[in-house]
Amino acid sequence: MKIRKNSWLVLAGTAAMALAACGGPKSQSLTVCLASEPQSLDPALNSAVDGATMLVHLDSGLYRYQKKGNALELTLDLAEEISKAQAEVIDHEPDGDGWKEVKYPNGTRYTVKLRKGIKWSDGSAITADDFIYSWNRASGASLGGDYCYMFEQIADGVAHETDDEAYPSLALKKVDDSTFTFDVMVDVPFMDQLLAFPTYFPVQKAAIDANDKEEAGTWATNPSTFVSCGAYKMSAWEHNSYITLVKNPNYWDAKNIKLDKITFALSDDDNAMLASYKSGEYQMIDSVPNEQIDTLKKDFPNEFVIAGQMGTYYISFNVNSTVFSKAANEADRAKVRRALGLFIDREYIVKEIGKAGQIPANAFVSAGLSDPAGGEFVDHNGAKRDGSGYYKKGENDADYKANVDEAVALLKEVGYAYDEAQKKFTDFPAFKYLYNTSSGHQAIAENVRDTLARYGITVNLENQDWSQFLQTRKEGNYDVARNGWVADYDDPSSYLTMWTTVSGNNDCQFGRGAHKDAAIYEADLNNNGTIEDNEKNLTWAQSYDVLMNNAAKETDANKRFQILHAAEDVLMSTGAICPIYYYTDIYMLKSNVEGFFSSPLGYKFFMYCNVK
């Protein structure tokens, strides 16, 4: 049957005001500022929301997001038709040091038929070979992209991302130049959303072969070598200043793209962004100075927007850091990390710093994701599955005091000295807290520093620009860092798969280095609600990785979500994930811009805008 469409409530819109136009139709353009220099605009290497927003304008996938009335809908983009049917699917799965063949008699085979005549921005044809090449490249071990795990849903995805010499391809097959198939082991409820995700976008092999001889992604750093397949093509990139996109006449739906030019100004200076917005140079900004939020709400009631977003602001700990030296083993380090998280006053942060309707978080998977058991996933989180999470949110004085009392007890248990009269620790080691440039991130970092100082704990703040910050976390060259995650698709696995050992987004370094051998975890691998003796004292690979693999293969929705809840239990037991709040999306948009929309996944869409 034809693949279903997926609709969400649109949580952001636009206001429209009319201005008289003189002469003939004017060229339509916008200058917007989302963030500073993107780390990469190679779809297989980008892992940031700002880069993804640029990519949904430059490139296209099999599906695209469009606004339909008050809903955000997935519609076919480069594909003319996508169908699926039951098929026997063969996958190769880990077996000791090798791989074993596993057959799935009730697997699913997708058949993709591309639109006729679709072209790259250079005028050459887009074919099935382009998708097969691009998906194999993005998912392969040799590229090492952060999102290679996104293809684990496809047969041989795990084998390919681990050992692409032995398994050089996913389960993809070309039928003809405009048709290809791919196999999945079980029906994936969010497959359509994956097919709209930038990592699944095609890239041109010729452009990569010609330019990536020394470093992957080089082709995507220069307008002269950036070959795109979306609504726009790149005309200029003045690094650390701006990126300019112009309408791509070779895009199959170019006639319906209204905006002729988009300039993405590159900055992480909130004050400069706001000044440029007020002067009229920028028509949209995605960040504002934290201390001016209250004033902006009052002065720009029709332009200051607070929209819903599925995401979590959190602090991540590097599990291989040795800064907490008195904690001699991983179990004690987990107690230290949990204690530090319990000291944080989330209620103060959302009310006095966030000021935009953020909700204090007591779990990693955010609000907004539905659960087949009813309600949302967060309604069933925590050990009791009652939505109480993994600690008290601290929404009142008694709850915050209970958190602090537990934190003090945990650190004393590990062996840190506590002065009962001063109510401070006297020998806790100082550590660095890393954050990227932003007045909001800085305000939260300073609050964390000042809060912990009240208990005798010294935090030294370190700031890095966005690209450097992403790389530092990825490489594990930090102790404690600011972090944030916005869902890639509407399913809890978007938050949980990223922490598997091989994931490129595993900033905490779970299952790597010294942490690889820490056999301290318990996991309900049998999914029966109890922990058996053989489900104790497991490593990360034996516990968390197995749970996520089990969830990917489970066909019963309720059982699958039980496994995902069990995975979050293990994740939160590490203390290495310290959720602060569930996101809202703050931005400013000029009232004479119509046709703009955004997604709870963080994307901003400008291609259908009119400037009045």
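Assorted remarks:
- Over all pairs of different C-alpha atoms in the stretch 143-228, the reciprocal of the mean inverse distance, the Kirkwood hydrodynamic radius, equals 14.7 Å.
- Longest site-free stretch - the chain; sites: GluC sites (Glu not before Pro), DSSP loop, at most 15 other Cβ within 10 Å: 1-164
- Rel. contact order, % - alpha carbon contacts under 8 angstrom, at least six apart, the stretch 25-137: 16 percent
- Å² per residue, accessible surface of the stretch 477-612 at 1.4 Å: 30 Å²
- Computed from the Kirkwood radius of its Cα pairs, the Stokes-Einstein diffusion coefficient for the stretch 386-506 at 37 °C and 0.692 mPa s stands at 193 µm²/s.
- Only Lys, Arg (+1) and Asp, Glu (-1) charged, at Cβ; the stretch 281-388 dipole about Cα centre in debye: 620 debye
- Secondary structure note: in the chain, about 85% of the DSSP beta bridges are antiparallel.
- Size of the stretch 34-148: Rg and Dmax of its alpha carbons, in Å, are 17.6, 53.
- Per-selection Kirkwood Rh - the stretch 518-598 (Cα, Å, 1 d.p.): 15.2 Å
- Projecting the Cα atoms of MET548, GLY98, PHE596 onto the dipole axis of the chain, where Lys and Arg carry +1 and Asp and Glu carry -1 at the beta carbon, places PHE596 farthest toward the positive end.
- Surrounding net charge for LEU266, when Lys and Arg each add one and Asp and Glu each subtract one, Cβ distance under 10 Å: -4
- Longest to shortest principal axis, alpha-carbon extents of the stretch 191-313, angstrom: 52, 35, 34
- Debye, to nearest 20: dipole size of the chain, +1 on Lys, Arg Cβ, -1 on Asp, Glu Cβ: 1740 debye
- Over every Cα atom in the stretch 460-564, the radius of gyration and the widest Cα-Cα span, Dmax, amount to 15.9, 48 Å.
- Farthest positive-ward along the chain dipole, Cα basis, beta-carbon charges - from ASN506, PRO492, ILE306: ILE306
- Computed from phi, the 3J(HN,Hα) profile of the stretch 87-92 under the Karplus parametrisation 6.51, -1.76, 1.60 (θ = phi - 60°) reads 7, 6, 10, 10, 10, 10 Hz, with x in place of Gly and Pro.
- Sequence-separation-based contact order of the chain, relative, with Cα cut under 8 Å and 6+ spacing, percent: 20 percent
- Projected-area average for the stretch 364-403 over all orientations - Cα convex hull basis, square nanometres: 3.1 nm²
- Look at where the Cα atoms of the stretch 229-290 and of the stretch 569-612 average out, and the two centres are 17 Å apart.
- Legend: distances between Cα atoms for LYS68/LYS205; LYS100/LYS536; LYS351/LYS612; LYS67/LYS355; pairs beyond 30 Å are LYS68/LYS205; LYS351/LYS612.
- Binning the alpha carbon pair distances of the stretch 204-275 at 10 angstrom intervals from zero yields the distribution 19, 38, 32, 11, 1, expressed in whole percent.
- Here the stretch 201-345 exposes an accessible surface that is 45 percent carbon and sulfur, computed with a 1.4 Å probe and the other protein chains kept in place.
- Pairs of Cα atoms in the stretch 438-483 fall into 10 Å distance bins, from 0 up to the last occupied one, in shares of 25, 50, 23, 2 percent.
- Overall Cα dimensions of the chain, principal axis frame, Å, largest first: 78, 63, 48
- Set against the 2.2 N^0.38 Å expectation for a compact globular protein, the stretch 241-365 has a Cα radius of gyration ratio of 1.55.
- Under the criterion of Cα pairs below 8 Å and six or more residues apart, the relative contact order for the stretch 293-375 equals 40 percent.
The values are calculated or read from the model by the stated rules, or taken from the named source; none is laboratory data. Just so we're clear, the structure is a prediction, and the values are computed from it rather than from any experiment. All Cβ positions, even for glycine, are placed from backbone atoms using ideal geometry, and neighbour counts span all protein chains on display. Areas reflect the complete protein model, heavy atoms only, side chains present, ligands, DNA and RNA absent. Shrake-Rupley method; radii C 1.70, N 1.55, O 1.52, S 1.80 Å.
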